[in-house]
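S.K.: Okay, handing you the structure first.
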Amino acid sequence: MSVYTLEIDGREVGARPGETILAVAREHQIEIPTLCSLEGLSTVGACRLCLTEVEGASRLLPACTTAVAEGMRVRTQSERIARYRRGILELLFAERNHQCAVCVSNGHCDLQALATSLGMDHVRVPYRDPLLSVDASHERFALDHNRCVLCTRCVRVCDEIEGAHTWDVAGRGIGSWIVSDLADPWGESSSCTGCGKCVQVCPTGALFEKGKAIGEMTKRTAFVPMLQHMRGRRR
Amino acid sequence: MTTLWIGLGNSLRRDDGVGARAAEILAAEGLRARAVFQPLPELALEIAAVQRVVFLDADLDDAPGVVRQRRIAPAADPEGGHRLDVPGLLALAARLARRGPEAWIVSIGILDVDAGEGFSTPVAAGFGEFLDCARHLAVTPSASHAARTHHG
Amino acid sequence: MRRIEIDPVTRIEGHARITLQLGDDGRVRDARFHVDQFRGFEKLAVGRPFHEMPGLMARTCGICPISHLVASAKAGDALLAVAIPEPAIRLRRILHLAQILQSHALSFFYLSAPDLLLGMDADPARRNLVGLYDEEPELVRGGIALRAFGQEIIARMAGKRVHPAWVVPGGVATPIDAETRDFLLAGVPGAIATVEQALASFRMRLVGFEAEIQHFANFPSLFLGLVDTNGELEHYEGRLRVIDPTGARIVEGFDPARYQELIAEADEPDSYLKAPYFRAFGFPDGIYRVGPLARLRLVTRCGTPRADAALEIFRGRDASAGQASFLYHEARLIEMLFALERIEELAGHAELLDPDVRAHAGPNRREGIGVAEAPRGTLIHHYRIDADGLVTAVNLIIATGHNALAMNRGVLQVARHFVDGERLQEGMLNRVEAVIRAFDPCLACSTHALGKMPLAIRLFDAQGRVVDELRRSSR
Ligand code: SF4
Ligand code: SF4
Ligand code: FES
């Protein structure tokens, strides 16, 4: 098996062909912020927070979907990258209604943590303040569209790991939203097994367990790569 | 070498909460910062124990987004019959300790105090400068020396 | 019609205006207290899962979030329709008493003591906490420590946030540890000594306040509030009692969940504040007062030894002073004593640290009502939810709302006595404001920046023109 040699942030690293920049960076303890990507799920490159500079490319490239190449020179940190990432976060916050102080995920939210770590302390674009609902029809869980960032982690875990394919994205662009089955209330879904995997992988307070008060919703995602691994072995 | 930041304001009244929001950020950075609704006398206990106190405040009378920093002194004669304001609080702290700390106020002009979260456009634009200004007032050995030579 | 506006009322926690309307004879005809109130928060809650309500409602108020937290969680308990574990009730009680303590300490030591102990006509430049410190340093130090004690209890139990969300439907989020208990027990004796000293100072100076006792909202009204099953002082739960001006019980003990049968709400056109009145007596005869004074008049006794001893002295004076709202100040001191004694008692309970502090359940009822006695009086949270547990309607009645009509009446009474035609005197202003302060209104959703606006008094003539104006800066 051939090995590529490339440079990330000035460090020379080895990589297997087909690996993504993100995977290689992680193997070498180089931190790249991510939101939509989750180990054990397919990658979609939806959030663009993992943007990196690749020498020779005029645009910034998402680390989670860009495959490595021999001799590639990658930068994961720069003034320009930081500006882009902050801008993306600002758009995410402005797009729907995030009131962290009264959110079930306050203090345990990936989006909130990214805002802190990337220094996004305020939003300069106008808030859209859309009128969105909470689907609390499921017996144990609820989906608050106000907090959804459309990362599709729930869609993928349900399809790829649980095999139920309850979730989907309906609509286009800024009008997109997450729906269960044929846009029925979640509680009436015939495909949902009630396993709760989607709730666990959701990076924000969008999917949560009912009965949780403000700041009480903590999540676990380590089961995803473990399940993948176990299945791989069985096959 | 201790600095205490006190951010004032109501975070559910838009720009009014700008000082409190800044204090929350500074606290998250590990600094000794408190977000409070308004100046309250028990803060005097904490103020009396530090070297420098920095108030972060919204100013409805200044141009929106404009950041200013200035030294403030304890009130010699606190305004009569009213709620405790920042100079009054300092006067109280000075009485509780042998001498009060050096005090600064960083203010930002505000615009919108409607119910809700988030800042108006000019305040959002000036917020970074507001924060930086607040951060730079941390006491460091050299800074406190400079301040002493400057004023002494 | 001429109007005098006092804007804003300084030293109350928030933003408010008083309008005095003069009749053509130059005498004050009507008085109205305006507040920027929080119906907006009721709308904010619609569509949200009810488990979020305590945390959300605590944010409606920067001054007494704990009372909203408790009343809201109790409304949540009612939606769950489960029994709350005893240890959780004890912890909620301690937390709530700490809120009463710190709120009363703020009101008495910071806002009122300068007037009360230095005298209403003392030099304005000295009539403040700093001036008071120079006269009575120990008392001011003690008052500051007292409030800090209450705040610290809240911080240790519920977390160091501005708006804690530790109280949840079904109980509290986490038990407390031995260190917190020891902190509670260690702080009580010193705090009691401070309150007793303040009480002694206050009683000594009371003789100088005959005029105030006469004119500070000294008018007959009903009183309403919670009492416990023995008719003793109670802030966390109990039954609603109503008494008439003579102290006779009109309603002995009424299920607070049926509050709407007891009180009706009048709409006050130019204020966002609801104006409830006692239904059976109609509007405006059904004016009632809530708060510390009401509570002390409603109860048979407090139920703790020091507070009961103080109550006896208070009652002797209360009878002679008639209906004076001025006595609110003393009532607050007595309640502080009670809170401290009760905290000590609760914190000494053998099962205080029991980890069983939360009952879990889904929504079992569609309507829930939570009632508590906040520092300023009866606080009612009333929620409706849909089958999924999402809030469909919210009704809040806060203490300041219950007192709205009584405050107007109180201001009118003082204004009639002290306002003379078109002459605007500093002394008069202080007294009108002092009436409002005696009610200690909680103007929740206010901004702190607005509180700094200069005080402006305007006198309007019959054509609505300003004929006189007085301004003073609060800076
Ligand atoms: S989902 Fe995260 S970012 Fe959004 S409101 Fe909740 S805590 Fe804040
Ligand atoms: S519900 Fe959660 S996991 Fe699903 S798309 Fe929205 S944010 Fe992502
Ligand atoms: S993590 Fe790469 S695009 Fe979302």
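The values are calculated or read from the model by the stated rules, or taken from the named source; none is laboratory data. Here the structure is a predicted model, which means the values were calculated and not measured. Neighbour counts are summed over all protein chains in view; Cβ atoms, including those assigned to glycine, are modelled from backbone coordinates with ideal geometry. The accessibility values were calculated without ligands, DNA or RNA, using every heavy atom of the protein model including side chains. Shrake-Rupley method; radii C 1.70, N 1.55, O 1.52, S 1.80 Å.
S.K.: Taking A:T204 and the conditions (1) surrounded by fewer than 22 Cβ atoms within 10 Å (Cβ to Cβ); (2) within 14 Å of ligand 2 (Cβ to nearest atom), which numbered condition does it fall short on, given that it satisfies the others?
M.R.: Answer for A:T204: the failing condition is (1).
S.K.: Checking the conditions here, which among B:L137, B:L40, B:L90, B:L84 is open to solvent by less than 40 Å² (accessible area, probe 1.4 Å), assigned to a loop (DSSP other than H, G, I, E, B) and modelled with pLDDT of 85 or more?
M.R.: The unique qualifying residue is B:L137.
S.K.: On to the next question. So which residues in segment C:100-141 are of a type in the set (A, V, I, L, M, F, W, C) and closer than 17 Å to B:A76 by Cβ, if there are any at all?
M.R.: Answer for segment C:100-141, where residues must be of a type in the set (A, V, I, L, M, F, W, C) and closer than 17 Å to B:A76 by Cβ: C:A125, C:L129, C:V130, C:L132.
S.K.: Okay, moving on. Show the residue pairs meeting these rules: Cβ distance below 7 Å; 6+ apart or different chains; first residue within segment C:45-56 and among the acidic types (D, E); second residue surrounded by 22 or more Cβ atoms within 10 Å (Cβ to Cβ).
M.R.: C:E52/A:V102; C:E52/A:V104; C:E52/A:A213; C:E52/A:I214
S.K.: Go through segment A:182-215 and report how many residues are in a loop (DSSP other than H, G, I, E, B) and either within 15 Å of ligand 1 (Cβ to nearest atom) or in contact (Cβ under 8 Å) with a residue 60 or more places away in the chain (or both).
M.R.: Within segment A:182-215, residues that are in a loop (DSSP other than H, G, I, E, B) and either within 15 Å of ligand 1 (Cβ to nearest atom) or in contact (Cβ under 8 Å) with a residue 60 or more places away in the chain (or both) number 10.
S.K.: Go through segment A:103-118 and give me each residue that's more than 8 Å from every other protein chain (Cβ to nearest Cβ), out of contact with any strand residue (DSSP E or B) (no Cβ under 9 Å at 6 or more places or on another chain) and more than 17 Å from A:R48 (Cα to Cα).
M.R.: Matches in segment A:103-118: A:N106, A:G107, A:H108, A:C109.
S.K.: Which count do you get for residues in segment C:75-94 that are under 20 Å from the mean Cα position of the chain (by Cα) and within 18 Å of C:M157 (Cα to Cα)?
M.R.: Summing the residues that are under 20 Å from the mean Cα position of the chain (by Cα) and within 18 Å of C:M157 (Cα to Cα) in segment C:75-94 gives 3.
S.K.: So which helices (runs of 4 or more DSSP H) are wholly in segment A:41-159 and hold at least 1 residues that are touching an Asp or Glu at 6+ places or on another chain (Cβ under 7 Å) and within 16 Å of ligand 2 (Cβ to nearest atom)?
M.R.: Filter on segment A:41-159 gives A:153-156.
S.K.: Continuing with the same structure: Where the second residue is assigned to a helix (DSSP H, G or I) and the first is of a type in the set (D, E, K, R) and lies in segment C:76-94, which pairs have Cβ atoms under 8 Å and are six or more apart or on separate chains?
M.R.: So the pair list comes out as C:R90/C:L346; C:R92/C:V70; C:R92/C:A73; C:R93/C:R342; C:R93/C:L346.
S.K.: Only one of these conditions is not met by C:H349: (1) in contact with a helix residue (DSSP H, G or I) (Cβ under 9 Å, 6 or more places away or on another chain); (2) over 26 Å from C:A148 (Cα atoms); (3) touching a residue at least 24 places away in the same chain (Cβ under 8 Å); (4) of a type outside the set (V, I, T). Which number is it?
M.R.: Only one criterion in (1) in contact with a helix residue (DSSP H, G or I) (Cβ under 9 Å, 6 or more places away or on another chain); (2) over 26 Å from C:A148 (Cα atoms); (3) touching a residue at least 24 places away in the same chain (Cβ under 8 Å); (4) of a type outside the set (V, I, T) is unmet by C:H349, namely (2).
S.K.: Kindly indicate which of A:L51, A:L92 is surrounded by 18 or more Cβ atoms within 10 Å (Cβ to Cβ), touching a Phe, Trp or Tyr at 6+ places or on another chain (Cβ under 6 Å) and under 28 Å from A:R147 (Cα atoms).
M.R.: A:L51
S.K.: Based on what the data block shows, is A:S176 within 14 Å of chain C (Cβ to nearest Cβ) and either at pLDDT below 95 or under 21 Å from the mean Cα position of the chain (by Cα) (or both)?
M.R.: For A:S176, the condition - within 14 Å of chain C (Cβ to nearest Cβ) and either at pLDDT below 95 or under 21 Å from the mean Cα position of the chain (by Cα) (or both) - is not met.
S.K.: Being in contact with a strand residue (DSSP E or B) (Cβ under 7 Å, 6 or more places away or on another chain), at pLDDT 65 or above and either more than 14 Å from every other protein chain (Cβ to nearest Cβ) or surrounded by 24 or more Cβ atoms within 10 Å (Cβ to Cβ) (or both) is the filter here; which residues of segment C:5-44 pass it?
M.R.: C:I18, C:T19, C:L20, C:Q21, C:L22, C:G23, C:V28, C:R29, C:D30, C:A31, C:R32, C:F33
S.K.: Residues to consider are A:S133, A:S117; find the one that is within 16 Å of ligand 3 (Cβ to nearest atom) and open to solvent by 30 Å² or more (accessible area, probe 1.4 Å).
M.R.: Result: A:S117 is the single residue among A:S133, A:S117 that is within 16 Å of ligand 3 (Cβ to nearest atom) and open to solvent by 30 Å² or more (accessible area, probe 1.4 Å).
S.K.: Okay, moving on. Would you confirm whether or not segment A:172-181 contains a residue that is crowded, with 20+ Cβ neighbours inside 10 Å and within 13 Å of ligand 1 (Cβ to nearest atom)?
M.R.: No: segment A:172-181 contains no residue that is crowded, with 20+ Cβ neighbours inside 10 Å and within 13 Å of ligand 1 (Cβ to nearest atom).
S.K.: Just give me the residues in segment A:109-143 being within 8 Å of ligand 1 (Cβ to nearest atom) and either over 18 Å from B:G118 (Cα atoms) or at pLDDT 95 or above (or both), in sequence order.
M.R.: A:C109, A:D110, A:L111, listed by residue number.
S.K.: Next question, about the same structure. Any chance segment C:221-240 includes a residue that's at pLDDT 95 or above and of a type in the set (V, I, T)?
M.R.: For segment C:221-240, residues at pLDDT 95 or above and of a type in the set (V, I, T): present.
S.K.: List every residue pair whose Cβ atoms lie under 7 Å apart, where the two residues are 6 or more positions apart in sequence or sit on different chains, the first residue falls within segment A:102-114 and is of a type in the set (S, T, N, Q), and the second residue, located anywhere, is modelled with pLDDT of 95 or more and near ligand 1 (Cβ under 6 Å from one of its atoms).
M.R.: Final answer for the pair search is A:S105/A:T204; A:S105/A:G205.
S.K.: Give segment C:98-118 a look and list any residue that's more than 13 Å from every other protein chain (Cβ to nearest Cβ) and either open to solvent by 10 Å² or more (accessible area, probe 1.4 Å) or in contact with a strand residue (DSSP E or B) (Cβ under 9 Å, 6 or more places away or on another chain) (or both), or say none.
M.R.: C:Q99, C:I100, C:L117
S.K.: Sticking with this structure for a sec: Being assigned to a loop (DSSP other than H, G, I, E, B), within 14 Å of ligand 1 (Cβ to nearest atom) and open to solvent by 60 Å² or more (accessible area, probe 1.4 Å) is the requirement here; does A:T218 meet it?
M.R.: yes
S.K.: Then there is this: Given the structure, is C:D255 of a type in the set (D, E) and at pLDDT 95 or above?
M.R.: Yes: the conditions hold for C:D255.
S.K.: Among all residue pairs at least 6 apart or on different chains, which show Cβ distances below 7 Å where the first residue, located in segment C:166-191, is more than 14 Å from chain A (Cβ to nearest Cβ) and the second is of a type in the set (D, E, K, R)?
M.R.: Short answer, once both residue conditions are applied: C:P175/C:D354; C:T180/C:R156; C:F183/C:R156; C:L185/C:E344; C:V188/C:E344.
S.K.: For segment C:53-100, which residues satisfy the criterion of being touching a Gly at 6+ places or on another chain (Cβ under 6 Å) and β-branched (V, I, T)?
M.R.: The one that is touching a Gly at 6+ places or on another chain (Cβ under 6 Å) and β-branched (V, I, T): C:I84.
S.K.: Of all residues being in contact with a strand residue (DSSP E or B) (Cβ under 7 Å, 6 or more places away or on another chain) and open to solvent by 10 Å² or more (accessible area, probe 1.4 Å) in segment C:78-97, which is nearest to C:L226 (Cα to Cα)? Just the residue, please.
M.R.: C:A78
S.K.: While we're on this one: Can you tell me which residues in segment B:7-19 are closer than 18 Å to B:V67 by Cβ, within 7 Å of chain C (Cβ to nearest Cβ) and not acidic (D, E)?
M.R.: B:L8, B:G9
S.K.: Quick one: count up the residues across segment C:235-254 that are among the charged types (D, E, K, R) and out of contact with any Asp or Glu (no Cβ under 9 Å at 6 or more places or on another chain).
M.R.: Qualifying residue count, segment C:235-254: 3.
S.K.: Now, a different point. Could you check B:V50 against (1) surrounded by 19 or more Cβ atoms within 10 Å (Cβ to Cβ); (2) assigned to a strand (DSSP E or B); (3) away from chain C (no Cβ under 12 Å) and say which number it fails?
M.R.: Evaluating B:V50 over (1) surrounded by 19 or more Cβ atoms within 10 Å (Cβ to Cβ); (2) assigned to a strand (DSSP E or B); (3) away from chain C (no Cβ under 12 Å) leaves (2) as the failure.
S.K.: Among the candidates B:A27, B:A23, single out the residue that is under 13 Å from the mean Cα position of the chain (by Cα) and either more than 8 Å from chain C (Cβ to nearest Cβ) or more than 22 Å from B:A94 (Cβ to Cβ) (or both).
M.R.: Selected residue: B:A23, the only one of B:A27, B:A23 that is under 13 Å from the mean Cα position of the chain (by Cα) and either more than 8 Å from chain C (Cβ to nearest Cβ) or more than 22 Å from B:A94 (Cβ to Cβ) (or both).
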